[in-house]
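The values are calculated or read from the model by the stated rules, or taken from the named source; none is laboratory data. Here the structure is a predicted model, which means the values were calculated and not measured. In this analysis, Cβ positions are derived from the backbone assuming ideal geometry, glycine residues included, and neighbour counts consider all displayed protein chains. Only protein heavy atoms, including side chains, enter the accessible area calculation; ligands, DNA and RNA are left aside. Shrake-Rupley method; radii C 1.70, N 1.55, O 1.52, S 1.80 Å.
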Amino acid sequence: MTTLSSKTAAPRSVSGWRSAQSKRILLTLLGWSVALVIFFPIFWMILTGFKTETAAIADPSLIFSPTLESYQDVHARSGYARFALNSVAVAFGSTFFALLIAIPSAYAMAFLPTKRTKGTLLWMLSTKMLPSVGVLVPIYLIFRDVGLLDTRTGLIIIYTLMNLPIVVWMLYTFFKDMPKDILEAGRMDGASTLQEVFFLLLPLTLPGIASTGLLSVILSWNEAFWSLNLTTSSAAPLTAYIASFSSPEGLFWAKLSAASTMAIAPILILGWMTQKQMVRGLTFGAVK
């Protein structure tokens, strides 16, 4: 009897293993297919940057003679370094101030909630649903009157306010998942609120804070609406640098692709280098 049961169990285990392998292969193929669909436009943009203007329009093939002509024209036309420096200053500056405001706000909402906490969080998130063009005129007039047009300070302020709801929401989620017993133990040992935040909360939630900061940097780096409407030359970031390659004569696809590649290269490198920290932070608290 035991022999018969073992013989029938063996084919079942083999078929189950084959089924699991088939599912794993299908999921892998599906993942790679989605990745190719998402990243193909970026791949095509990089290739187009190595073509001449004529080849970029007339020859859509993947086989061509690469040239650096477009990159040389882009570099000679305007100072890429100045635009890149503006992007770095604005993206990291706005992220710093967003975290500076969001950490105490999320701490208060997570550990000292009131009956209005959920309503406040929903209201903050609802502000992201407001079209930016709806508040463009008043913000433009205010910035004009106080002298913040075409300044890094003005962009840092608007980017901070733009990303603050998302940063607060993410930090609130990370803080809420943290065991409260640890903070209570610190209070019993005589830790003040500042000591509790700096020596207990921040070190334990550092992966979540890092991933939130990286997301804020990416959002600020890619923001184009406000940079195009609130800057002209002095504080213009790389998004305005890309837009400058469109003209009444039409789009210069090769030069535009070269400029776009140069604009996204720093943030792609940053994302590639910090992908493990990003995933670790986004999954922080998911498994207990």
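Quick notes
- 15 Å tail of the calculated P(r), the range 185-231, as % of Cα pairs: 62
- Shape metrics for the chain, restricted to C-alpha atoms - Rg then Dmax, Å: 25.5, 91
- GNM flexibility winner over the chain from S234, S220, S70 (Cα, springs under 10 Å): S234
- Estimated at the nearest 10 Å², the accessible area of I267 is 20 Å² with a 1.4 Å probe.
- Between T120 and A185, the distance separating the two model label sites (each 7 Å from Cα on the Cα→Cβ line) works out to 2.9 nm.
- Contact order normalised by residue count of the chain, Cα under 8 Å, 6+ apart, percent: 29
- Descending Cα extents along the principal axes, the range 17-67, whole Å: 54, 17, 16
- Lysine pairs in the chain whose alpha-carbon atoms fall under 23 angstrom of each other, counting only those eight or more residues apart or on distinct chains, come to 12.
- Protein accessible area in the range 17-67, 1.4 Å probe - carbon and sulfur %: 77
- Note on W32 and E69: the model spin-label points, each 7 Å out from Cα along the C-beta direction, lie 3.6 nm apart.
- The residues of the range 69-283 expose, per residue, 54 Å² of accessible area to a 1.4 Å probe.
- Positive contributions from Lys and Arg (+1) and negative ones from Asp and Glu (-1), summed over other residues with Cβ under 15 Å from the Cβ of E196, come out at -1.
- Set of the range 85-103 residues, backbone N closer than 18 Å to the point 7 Å along the Cα-Cβ line of L194: 100-103
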